[in-house]
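Notes to accompany the following structure.
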Amino acid sequence: MTVEEELRAVFARHEPLTPPTGPLRAAIDRLVVRRRRRRRRIQVGATALAVLAVLGLAAPQVVDPPGERTPAGVLGGEPGARGGALNVLLVGVDGSARLADSVLLVHVPADRSRPYLISLPRDLEVPIPGHGTGKLNSAFASGAGDGRPDLARGYELTSRTFADLTGVRPDAGAVLTYPVLRELTDTLGGVEVCLPRRVESTHTSRVFRAGCQRLDGAASVDLLRQRRGLPDGAFDRDRNAQLFAAGLVRRAGEQGVLNDPARLSRLVATVGSKMVVAGGGASLLDLLRVVPELKSLDPVGLNLPVDPPTARQWRVRTDPAATPQFLAALREDRLNRWVAAHPDRVTRTR
């Protein structure tokens with residue numbers, strides 16, 4: 001018998017012992033499906049991290065709400081990490097890191113339809129826990145203290161003041177400073193901002209024309225500082241901040257950063273060394289990772305309804321008719337219906 005005939009005989013004897021291919025093929029198919037799902041989870045996680053990190057402007061100081069950790073979007077409600085609404089409080093501070101130039105709530109609804117950017121006037125008259133009544137921007141200064149300001153404590157008191165005013169306890173928050181904002185903008189290659197009117201800088205004499213324009217980091221910071229000379233002063237600055245945040249999110253989406261883990265890692269690495277996590281419980285970045293992929297990256301800009309200030313009074317007060325309805329819609333996660341009923345109160349982001 002030749003070698004070839006011996007091999008054929010061996011194969012013939014062992015062929016009945018060969019296992020069926022059906023189960024093996026099914027196992028391979030299951031493995032492929034698991035790997036595809038894992039890749040999708042990685043992409044979704046990267047998108048979630050990028051969206052809120054960008055909305056948070058990659059802040060250098062990241063802090064958690066004070067006191068006992070209750071990661072609820074509404075006081076006593078379901079936490080955002082369990083599928084409910086997510087609320088992130090952003091506090092922008094001035095050059096001395098004492099007064100809050102801007103207070104912005106990023107609200108992500110439970111249906112993850114799109115983010116809402118809600119500005120609160122810096123001159124809003126509010127009760128400040130332990131400090132009587134004052135402007136909202138002074139809550140940060142009261143908490144940060146004299147001497148070298150403590151950004152975490154400034155945020156904590158601002159967060160408590162916000163929660164007492166609105167009935168919404170932020171899931172996480174961040175203190176924003178201009179240097180990181182400038183660096184992040186330049187890393188993205190600039191941000192397109194669509195202004196409703198011409199703005200002339202009182203700091204650099206730079207002119208921002210009405211319409212859409214791409215701004216680098218220095219120009220973006222210059223724009224965000226402007227309030228003097230604007231028709232509505234600080235209110236216009238808040239609206240410009242919403243326009244910039246919306247443009248920043250869109251820019252990251254256009255460049256594919258949101259779906260590219262490698263580019264996202266490089267972006268985070270650019271500002272990561274300047275980020276400090278403080279406090280206990282879930283950090284801002286922990287919460288970012290559990291946010292599902294948003295259906296739209298086009299934010300809706302809103303402002304807390306307030307009465308216009310008088311000529312002799314720099315402080316503003318909440319609108320007794322509109323504010324309760326607005327805050328109820330925020331707490332009950334139905335801002336989409338409130339926006340549909342009040343289209344005139346929406347800031348156009350394009």
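Brief remarks on what is shown
- Surface share of carbon and sulfur [accessible, 1.4 angstrom probe, percent] for region 88-233: 44 percent
- Inter-probe distance in nm under a simple model that places probes 7 Å from Cα toward Cβ, at Glu183 and Asp344: 4.5 nm
- Taking a Cβ cut-off of under 9 Å around Thr318, the surrounding Lys, Arg, Asp and Glu residues balance to a net charge of -2, with basic ones at +1 and acidic ones at -1.
- Sum of side-chain charges, Thr185 neighbourhood, beta-carbon under 12 Å (Lys, Arg +1; Asp, Glu -1): -2
- Amide H within-cut-off set for Val300, under 5 Å, with H built and near neighbours excluded: Tyr116, Leu117
- Two-site FRET efficiency, Thr204 against Asn336, from Cβ-Cβ distance with R₀ of 30 Å, rounded to 0.05: 0.15
- Amide H contacts of Leu195 (H built 1.01 Å from N, in plane; Pro and chain starts excluded): Gly211, Cys212, Gln213 sit under 5 Å, all sequence-distant by 5 or more or on other chains.
- Charge sum, other residues only, whose C-beta stays under 10 Å from Cys212's C-beta, Lys/Arg counted +1 and Asp/Glu -1: +2
The values are calculated or read from the model by the stated rules, or taken from the named source; none is laboratory data. Computed from a prediction, not measured in an experiment: that's the story for all the values here. Backbone-built Cβ (ideal geometry, glycine too); neighbour counts: all protein chains shown. Quick note on the areas: whole protein, heavy atoms, side chains included, nothing else; ligands and nucleic acids left out. Shrake-Rupley method; radii C 1.70, N 1.55, O 1.52, S 1.80 Å.
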